[in-house]
């Protein structure tokens, strides 16, 4: 049986509807009217003999078949972009769109100046930055790059470490005065904790003591999905928290938070660039990753702040 060829414009229209969640927004992105997008999707569905999208009050969502089709398309589009980029690379000019996702707190406090320098160096780059503490599906979301923090599970994604990330246990002076200062991980039992809701380890913290890992369980006073909010609740004396130094630094600097259990290291964390395989081969994405590596190898201002405060060498403010 002869198969009807699929029009690439129809496939692109469908992919953009899934990515934007709307026929109208897909049309805006492609520079055509939404009615054209609708006709292209309908033609693709007719060609494939399957319903790919359903309309809803919120816009448009893929069916189960459509979602699987889009995930496969995402990898194909990435390879296609890599092929285009390989041809364009002869010009040695880094240009084109880059879609990046990064965690909220780090993305607000430390990523913008680094990205700004990159954009100044490469004026033909078009950056699409999304800040969210949730770990999104890079392939389905058509992301070129994710900046991620923590310990990464094994996966088929391309990973490059940008910098180490130190994690500290913190509490307010008022909390420690009222509840006592834990000197060992075992002393944490019975204390109130402010847990990061997106953490894979949930309500369990692990510390290395005498070369072996010890688990500590605390009472959950609150679970929050943002590190800045945890820091402020910790400052208010609601409990003990574990945070990366780039979030804890302001509180340690002004004395509203104290670093405790410094001799019991927490699990090693890192700052990573994570890429789908097809994206890693494009010149513009490689240039951005190289820029991030160079920037964070030399510029980690949050670590200097924390180190100085812990040693008592930072002037009070």
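The values are calculated or read from the model by the stated rules, or taken from the named source; none is laboratory data. All of these numbers come straight from a predicted model, not from anything done at the bench. Glycine also receives a Cβ, built like all others from the backbone with ideal geometry; neighbour counts cover every protein chain displayed.
For the reader, a short list of remarks on this structure follows.
- So residue 199, is it more than 19 Å from the chain's Cα centre (by Cα) and either at negative phi or modelled with pLDDT of 90 or more (or both): no
- Where strands (runs of 3 or more DSSP E) fall entirely within region 196-238, those with at least 3 residues that are surrounded by 15 or more Cβ atoms within 10 Å (Cβ to Cβ), in contact with a strand residue (DSSP E or B) (Cβ under 9 Å, 6 or more places away or on another chain) and without any contact (Cβ under 8 Å) to a residue 40 or more places away in the chain are at 219-224.
- Residue ID - surrounded by the fewest Cβ atoms within 10 Å (Cβ to Cβ), chosen from residues in region 127-147 that are under 16 Å from residue 271 (Cα atoms) and touching a helix residue (DSSP H, G or I) at 6+ places or on another chain (Cβ under 8 Å): 132
- Among residues of region 54-74 that are closer than 10 Å to residue 15 by Cα, those with a Cβ under 7 angstrom from a residue that is outside any helix (DSSP H, G or I) and at pLDDT below 85, sequence gap 6+ or separate chain, pair up as 70/140; 71/139; 71/140; 74/139; 74/140; 74/142.
- Odd one out for residue 170, checked against (1) in contact with a helix residue (DSSP H, G or I) (Cβ under 7 Å, 6 or more places away or on another chain); (2) without any contact (Cβ under 8 Å) to a residue 60 or more places away in the chain: (2)
- Residue 180 being more than 30 Å from the chain's Cα centre (by Cα) and at pLDDT below 90: no
- Residue match in region 65-83 (condition: farther than 30 Å from residue 287 by Cβ and in contact with a helix residue (DSSP H, G or I) (Cβ under 6 Å, 6 or more places away or on another chain)): no
- Residue within region 143-150 that is in a loop (DSSP other than H, G, I, E, B) and either in contact with a strand residue (DSSP E or B) (Cβ under 7 Å, 6 or more places away or on another chain) or at pLDDT below 80 (or both) present: yes
- Qualifying residue in region 183-190 (condition: in a loop (DSSP other than H, G, I, E, B), at positive phi and touching a strand residue (DSSP E or B) at 6+ places or on another chain (Cβ under 8 Å)): yes
- Meets criteria (surrounded by 22 or more Cβ atoms within 10 Å (Cβ to Cβ), touching a residue at least 12 places away in the same chain (Cβ under 8 Å) and assigned to a strand (DSSP E or B)) for residue 241: yes
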